[in-house]
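Worksheet for the structure shown next.
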Amino acid sequence: MPSWIARAPAAGRGGAAAAFHAGAALAHLQATAMERAPGVPMALLCNRLALGAAAAGLMRAGGRARAGDLRDRLCFLPSGAAMDPATARLALWRRAGRARLRGGGLARLLAEVGGWDGAGAADKSGAAADLAAVVDGGGSGGRCGSGAVEEGDPVARAAAVLGRVRASGRGGALAGSHPDTAVLLADAVLARALGWPALLPLLSTGLGRRDLALEGAGLRLACHVAVAREAIRAVRLAADLARRAERLRAV
């Protein structure tokens, strides 16, 4: 990876620098992982990124758990046993990494998430469909606010959806939805804008609680910084997993 890409920008450097670095990091990630580069175990990469997204979500909610503990609790869960909230969060992100972003796959995932306070099955499915429509480019509003997804670079579009869904969730019909719904939708918008078949949880992992309290230009800047940083980490993780897989094949 070129050293100038590896130097992730700080928020204080301004929006143009952050957007440039985010674009460069995403292009490198596209070439090394998303275009099915030889040797990169994509299923394992997605699972490792899901683990980071689950841990980040716990931190935003005021909790904390070691990544290894989360993984073990899910992998060794007895058949038929109920998941605790932390383990369920990891299971959600693993499903998100496998969900198809077209053909209703995202709406089905959102309807399965749970946590829709006081919502019946029909209302929950309707809210999930509204959210999925935002990923497809906007739609006519519904429970997620009005207007289509704003034009602009993919990260800016994801930031716009993130702000809209969070604003709706503070007092509207989405108020009881899963706490990771907004960042999951933002990552889905980013993946769709880049032409990826599945989402990678870059915003979900890179944004903190203070970032999600921002609006407008501040939120866009935080999203660009987060994407630049997490895309670089994903590239490094993909390279490390490819090396490990090659060593296993050589045994």
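When you count, for each residue, the other Cβ atoms within 10 Å and take the mean per peptide, how do 45-53, 77-85 rank with the highest first? Could you put the intermediate results ahead of the total?
Working: 45-53: 21.9, 77-85: 9.2.
Descending mean neighbour count gives 45-53, 77-85.
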The computed P(r) of the stretch 46-102 puts the percent of Cα pairs beyond 18 Å at 29
Residue-ordered couplings for the stretch 83-92, obtained by feeding phi - 60° into the Karplus form 6.51 cos²θ - 1.76 cosθ + 1.60 and rounding to whole Hz (Gly and Pro as x), are 8, 6, x, 5, 5, 5, 5, 5, 4, 4
Contact order relative to length for the stretch 173-251, counting C-alpha pairs under 8 Å separated by 6 or more residues, stands in percent at 21
Pseudo-spin-label distance Glu215 to Leu77, built 7 Å along Cα→Cβ, given in nm, is 3.7
Note, the stretch 222-230: 3J(HN,Hα) by Karplus (6.51, -1.76, 1.60, θ = phi - 60°), whole Hz, Gly/Pro = x, goes 4, 5, 4, 4, 5, 5, 4, 5, 6
PRE zone check, label point 7 Å out along Cα-to-Cβ of Glu246, amide N under 15 Å, scope the stretch 29-69, hits 32-33, 37-41
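Every number in this text was worked out from the coordinates using simple rules, so none of it is lab data. Everything numeric in this text was worked out from a predicted model, so none of it was measured. Reconstructed Cβ throughout: ideal geometry from the backbone, glycine too, with neighbour counts over all protein chains shown.
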